[in-house]
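First up is the structure itself, then whatever we jot down about it.
Only the coordinates and a few stated rules stand behind these numbers; no lab work does. Note that the structure is predicted; figures quoted are calculated from it, not measured. Cβ placement follows ideal geometry from the backbone for every residue including glycine, while neighbour counts extend to all protein chains displayed.
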Amino acid sequence: MIRALAPLLIALALPVLAQDAAAPKPETIVSGLSQNRVAITADFDGSEILVYGAIKREFPVPEGRVDVIITVEGPSGPVTVRRKERVAGIWINNASVRVDSAPSFYAVATSGELATSLSATENIRHNITIDRVIRAVGIASEADASADFVHALVRVRSDEGRYRLLENKVQLTESTLFRTDVALPANLIEGTYKVRMFVLREGRVVAVQERFIGVRKAGLERLIFNLSREQPLAYGLISLVLAAFAGWAASAAFRFIRI
């Protein structure tokens, strides 16, 4: 009975196997960073990270548009966004929205125009653009027009250089090799910075990879920071002593100049 059914089973299995063999294998990302650690010292004035890599395939480059998007995201924290209004000739804070968590730094670098490289559906799915990263973590409902407050937060932090959109800044060679430079500002905060790389075809994400950069204070800055967190009483007393000594030294210097 089994021998009689064997030819039939083989005939049924051949189309499935042929279909699997004809289906393209997924593309993957092979990448690297110029550095995975950043030390914040007294003379730290920013840093620059080189993100590079290649799209690994086991088949020829398919036809169609290929794009690469790279994001660098800093540690997140809660933010209260307030709107000022003029009341009786005085500008005061009025309505406010509390954002549960927003990245302290966020950069988006693309190989093409963002609007044509990324579809809205994929943006919602992967939270790639700046506004999606903020909205993804949730916003308190004390104001209905929360989108206006989010746009205001993005505008303010963009003016400070903490949120950046770098269109056409990813070099993509022969639809395979890619690289970009992302400048980190001097006002970095400590924590783990996440680097995400996306390969897109016709606006759809086909490959994703994540890497991480550790940002830490070093030297005297690290010692002072740890002291303020671990021994706040001793930190306060030392600060008072140093302030008193600085005041005495300045007074003595002025007396010497008068003489």
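Some observations on this one:
- In order through the stretch 53-58: 3J(HN,Hα) via Karplus (6.51 cos²θ - 1.76 cosθ + 1.60), integer Hz, x for Gly, Pro: x, 8, 8, 8, 9, 10
- Among 189, 130, sorting on how many other beta-carbon atoms sit within 10 Å of each Cβ, with the fewest leading, yields 189, 130.
- Local electrostatic count, residue 169, Cβ distance below 12 Å [Lys/Arg +1, Asp/Glu -1]: -1
- Residues whose amide H falls under 5 Å from that of residue 207, counting only those 5 or more places apart or on a different chain, are 199, with hydrogens built in the peptide plane.
- Long-range HN-HN contacts of residue 106 with modeled amide H, under 5 Å: 74, 163, 164
- Burial ordering of 162, 204, fewest other beta-carbon atoms within 10 Å first: 204, 162
- Residues whose amide H falls under 5 Å from that of residue 36, counting only those 5 or more places apart or on a different chain, are absent, with hydrogens built in the peptide plane.
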